[in-house]
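See structure below.
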Amino acid sequence: MESYRTEEEQVEALRRWWDENGRSTLVTIVLVLAATFGWQGWQRYDAQRMDSASDLYQQMLEAAAMAQEGVVTAAPVERLAAQLRSDYAGTTYAQFAALHQARVAVLAGDLEAAEADLRWVLGKADSGSETAAVAQLRLARVLAAGGNVEQALALLTPESTGKYQAAAAMARGDVLAAAGRPEEALAAYREAQALVQAYPAQLNLETLAAKLQSLTAASAGDDA
């Protein structure tokens with residue numbers, strides 16, 4: 001009889017607990033399950049988007065190769081790049097497509113379009129990423145080519161270029177040399193030469209050596 005009363009008390013205690021906490025517990029369980037399945041669904045959706053963007057980017061590269069060989073015009077390349085940027089703007093593939101468009105614009109002499117493409121990349125790429133660093137270096141060269149030397153130099157400071165300091169130093173040298181500031185350019189090239197040990201594979205060493213030799217010789221001639 002005592003055991004029976006104890007079981008009744010346990011059932012009653014469980015009933016009271018459910019009345020007090022059951023609804024909120026059930027809601028919590030439902031929310032946790034929804035969040036779990038929602039996250040898994042988002043991961044599948046994101047993976048599918050990345051696969052689609054990757055396929056589209058591969059098509060763009062193939063079209064670009066065919067256009068370079070003269071098999072097709074550049075129109076399919078531009079169409080695919082535009083689609084990547086509109087439909088998959090948050091992906092690295094869209095950023096690569098914009099970098100390609102900027103390069104084409106530079107070759108065509110359209111510095112304004114190139115600047116717009118590169119600024120789009122900087123607006124989409126993660127701060128400090130390699131994609132952002134490459135876009136920043138290229139934007140500095142585009143700005144310098146358009147006569148905006150000080151703006152270009154502001155993008156090439158060691159603080160703003162992260163791991164690309166050797167490449168940034170060489171770019172500073174190029175900008176300064178083109179602006180008719182050979183002494184500052186020579187200092188920047190020497191800085192690049194010193195940095196290349198810490199940041200290898202960023203520079204063409206033969207090109208850097210040729211630029212150093214040319215400016216050193218010119219400086220020696222001026223001193224004479």
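So the values come out like this:
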| quantity | calculated |
| --- | --- |
| Förster radius 35 Å - calculated FRET efficiency between Leu61 and Lys163 (Cβ-Cβ, nearest 0.05) | 0.85 |
| Whole-number percent relative contact order across segment 152-224, with pairs defined as alpha carbons under 8 Å at least 6 apart | 29 |
| Percent breakdown of C-alpha pair distances by 10 Å bin, ordered from the shortest bin, for segment 152-224 | 22, 53, 21, 3 |
| P(r) tail fraction, segment 49-148 - alpha-carbon pairs more than 21 Å apart, % | 33 |
| Shape parameters for segment 84-224, alpha-carbon atoms, Rg then Dmax in Å | 16.0, 61 |
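Rule-based calculations on the coordinates, nothing more; no lab input. Please read all numbers here as calculations on a predicted model, not as lab measurements. Cβ sites come from the backbone with ideal geometry, for glycine too, and all protein chains shown count toward neighbours.
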